[in-house]
Amino acid sequence: MPRRKIIKERVPTPERPAEERIKSFIEVNLGYTFELAVKEAERCLQCPANYAPCIKGCPVHIDIPGFIGKLVEHRDNPDKAVKEALNVIWACNSLPATTGRVCPQEDQCEMNCVMGKVGDKVNIGKLERFVADYAREKGIDEELLSEIIPGIEKKNQKVAIIGAGPAGLTAAGELAKLGYDVTIYEALHEPGGVLMYGIPEFRLPKDIVEKEIEKLRKLGVRILTDHIVGRTLTIEELLQEYDAVFIGSGAGTPRLINAPGINLNGIYTANEFLTRVNLMKAYLFPEYDTPVKVGRRVIVIGAGNTAMDAARSARRFGADVTIAYRRGEEDVSARIEEVEHAKEEGIKFEFFINPVEFIGDDTGKVKAVKFEKMRALDERDKRGKRKIVGTGEYVTLEADTVIIAIGKHPNRLIVNTPGLKVEHGRIVVDENLMTSIPGVFAGGDAIRGEATVILAMGDGRMAAKAIHEYLTKKREEQKA
Ligand code: FAD
Ligand code: SF4
Ligand code: SF4
């Protein structure tokens, strides 16, 4: 076989300039054209599938050299190249337009790419996004779906899914493809979970998520919105009507800071702030009538993806934004691309400060935050992060809006279900993702705490497989 030419440098994806993008919520990264995608695909060394470290790094084990290879193989026929590449991706991942945009690739598929030894790692995420976007724009995904639907063999069994986030949507899609009658119960008025209400338009345009959901409907999945399980109806009631249940209710309850002044006006949780911005479309005010009040000086507390999204959204309302984090820059957990974009957009970072008091004015509105300065020790905690301690020194920063983004935990309505085993607020599951209630499975943030989209999707796939095995056994027992 001829030796491949090593092309060290990544083909960059075009981005809108920072000064332009802070004035709107339009997507920042413009993605590859077919020509650019092929150029980047040519950099892949096509490591054998049983060895390729990129496949091992992807939580759902997409055949990465397989899909990238299709782009190069059929470079003279873009539609064919994309259709075959999408087919490879769909075998493991039903939401590639989303994961290509939001996966933390640097810690997953791209982490151990062998190209990293001689140059830049292959831009796997952007290639995946390209395939999904091109397929959607050209109707190739619809074509592929219409080839799958007639082959579905209907089963006379029903599955209820709680929550329409990436875990629930993936489980629903996989089960529908296996022929089950699937209904999703979603608490909010729109399906999508964090993809709709958390991650902003400039990172993940909502029409993309809506189109992914439309595909599920075409597969026959029913989605009932404004249905809160635990309130509108219970898991016990669902079990009377359905043969199995999957819980994908996420971790949507924000953690709060226990400090004086936390109830002052002008202090939001990132959840509330981002929901107003995204789901209620405050960024289109006055066209949409849910305003969100963003002050001139905004402090965002935390340094994960949620904090970055809140900070970058606030910046787009014209605010001067500072991210305050109790640890150092090495411990920032947000995706590297988001941190870089935040810096380019003029967001300031203050490290090693921890809020101890929120200070209000005479009207009960926040006007400043008092922080204790922190110091890192050499010793590391269970997650490998350096332990931090207070120094006894303080600093006060002025702010008229404060957004708290220090994490979330699963919603109590579900975890309080009688008979459902829960530890540290998370639903406990066995190796098949079955909970302590027979026939009830769970996955995503509801079992992991705050994690990632692709891990939630991986759980959805795995649970669908386990539910299929469980229901196949049930059918066979009924026949015997
Ligand atoms: P969710 O997405 O939370 O969906 C759960 C769904 O269940 C919701 O729609 C909710 O309304 C519904 N629900 C809850 N309770 C009930 C009930 N009682 N009855 C009916 N329905 C119910 N991950 C990444 O990989 N990359 C990123 O860039 C990234 N950025 C993020 C940015 C933000 C702002 C946030 C908040 C998270 C981000 N994450 C990111 C994390 C990622 O979004 C989550 O790990 C993922 O969405 C979890 O999926 P899920 O399906 O388990 O839960
Ligand atoms: Fe990489 Fe995520 Fe795609 Fe897997 S799903 S290949 S981790 S971008
Ligand atoms: Fe291609 Fe890198 Fe994966 Fe090898 S490790 S197949 S070079 S993407």
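Please pick out the residue among VAL332, VAL294 that is at pLDDT below 90 and closer than 30 Å to LYS373 by Cα.
Selected residue: VAL294, the only one of VAL332, VAL294 that is at pLDDT below 90 and closer than 30 Å to LYS373 by Cα.
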### Query
Has region 111-118 got any residue that is within 15 Å of ligand 1 (Cβ to nearest atom), surrounded by fewer than 19 Cβ atoms within 10 Å (Cβ to Cβ) and closer than 30 Å to PHE246 by Cβ?
yes
### Message
For region 435-480, which positions are buried (at least 19 other Cβ atoms within 10 Å of the Cβ), without any contact (Cβ under 8 Å) to a residue 40 or more places away in the chain and over 26 Å from PRO104 (Cα atoms)?
### Response
ALA466
### Query
Do we have CYS54 as in a loop (DSSP other than H, G, I, E, B), within 16 Å of ligand 2 (Cβ to nearest atom) and over 14 Å from TYR134 (Cα atoms) here?
no
### Query
When THR98 is evaluated against the numbered criteria (1) of a type in the set (S, T, N, Q); (2) under 30 Å from GLN240 (Cβ atoms); (3) within 10 Å of ligand 1 (Cβ to nearest atom), which criterion, by number, is the only one it fails?
(2)
### Query
For region 89-96, does any single residue satisfy the condition of being over 27 Å from ALA171 (Cβ atoms) and among the aromatic types (Phe, Trp, Tyr)?
no
### Task
Looking only at region 219-232, decide whether some residue is within 30 Å of PHE371 (Cα to Cα) and more than 16 Å from ligand 2 (Cβ to nearest atom).
no
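If you check VAL415, VAL429, VAL422, VAL395, which single one turns out to be surrounded by fewer than 17 Cβ atoms within 10 Å (Cβ to Cβ) and free of Cβ contacts under 8 Å to residues at least 60 places away in the same chain? Even if it seems obvious, please write down each step before you answer.
Details: VAL415 fails: surrounded by fewer than 17 Cβ atoms within 10 Å (Cβ to Cβ); VAL429 fails: surrounded by fewer than 17 Cβ atoms within 10 Å (Cβ to Cβ); VAL422 fails: surrounded by fewer than 17 Cβ atoms within 10 Å (Cβ to Cβ).
Exactly one residue qualifies, and that residue is VAL395.
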### Message
What's the number of the only condition in (1) in contact (Cβ under 8 Å) with a residue 40 or more places away in the chain; (2) within 12 Å of ligand 1 (Cβ to nearest atom); (3) not assigned by TED's automatic domain parsing to the domain that holds ILE22 that GLU106 fails to meet?
### Response
(3)
### Sole exception among (1) surrounded by fewer than 21 Cβ atoms within 10 Å (Cβ to Cβ); (2) in contact (Cβ under 8 Å) with a residue 12 or more places away in the chain for PRO12, by number
(2)
### Some residue of region 349-358 being without any contact (Cβ under 8 Å) to a residue 24 or more places away in the chain and either surrounded by fewer than 21 Cβ atoms within 10 Å (Cβ to Cβ) or acidic (Asp, Glu) (or both)
no
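Hand me the list of helices (runs of 4 or more DSSP H) wholly inside region 188-262 holding 1 or more residues that are closer than 30 Å to ARG136 by Cβ, under 23 Å from the mean Cα position of the chain (by Cα) and of a type in the set (A, V, I, L, M, F, W, C).
In region 188-262, the matching helices (runs of 4 or more DSSP H) lie at 194-197, 206-218.
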### Task
Evaluate the following for GLU201: is it closer than 16 Å to ALA251 by Cβ and within 14 Å of ligand 1 (Cβ to nearest atom)?
no
### Query
Is it true that PHE25 is within 16 Å of ligand 1 (Cβ to nearest atom) and either in contact (Cβ under 8 Å) with a residue 24 or more places away in the chain or in contact with a Pro (Cβ under 7 Å, 6 or more places away or on another chain) (or both)?
yes
#### Entry: Residue in region 247-259 that is more than 20 Å from GLU450 (Cβ to Cβ), buried (at least 21 other Cβ atoms within 10 Å of the Cβ) and within 15 Å of ligand 1 (Cβ to nearest atom) present
no
### Task
Provide a single number: the residues in region 120-141 that are under 18 Å from LYS215 (Cβ atoms) and either at pLDDT below 95 or β-branched (Val, Ile, Thr) (or both).
2
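Can you pull out the helices (runs of 4 or more DSSP H) entirely within region 86-168 that have at least 2 residues that are within 10 Å of ligand 2 (Cβ to nearest atom), within 22 Å of the chain's Cα centre (by Cα) and closer than 28 Å to ALA187 by Cβ?
Because the criterion is at least 2 residues that are within 10 Å of ligand 2 (Cβ to nearest atom), within 22 Å of the chain's Cα centre (by Cα) and closer than 28 Å to ALA187 by Cβ, the helices (runs of 4 or more DSSP H) in region 86-168 that meet it are 96-102.
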### Task
Could you figure out which of (1) in contact with a helix residue (DSSP H, G or I) (Cβ under 8 Å, 6 or more places away or on another chain); (2) of a type in the set (Val, Ile, Thr); (3) more than 22 Å from LEU279 (Cα to Cα) isn't true of ILE353?
(1)
### Query
Restricted to region 260-277, and to residues that are free of Cβ contacts under 8 Å to residues at least 24 places away in the same chain and surrounded by fewer than 20 Cβ atoms within 10 Å (Cβ to Cβ), which residue is nearest to ASP181 (Cα to Cα)?
GLU272
### Any hit, region 5-22, residues being in a helix (DSSP H, G or I), within 22 Å of LEU95 (Cβ to Cβ) and either within 14 Å of ligand 2 (Cβ to nearest atom) or small (Gly, Ala, Ser) (or both)
no
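The values are calculated or read from the model by the stated rules, or taken from the named source; none is laboratory data. Remember, predicted model here, so these are calculated numbers, not experimental data. Note that each Cβ is placed from the backbone with ideal geometry, even for glycine, and that neighbours are counted across all protein chains shown.
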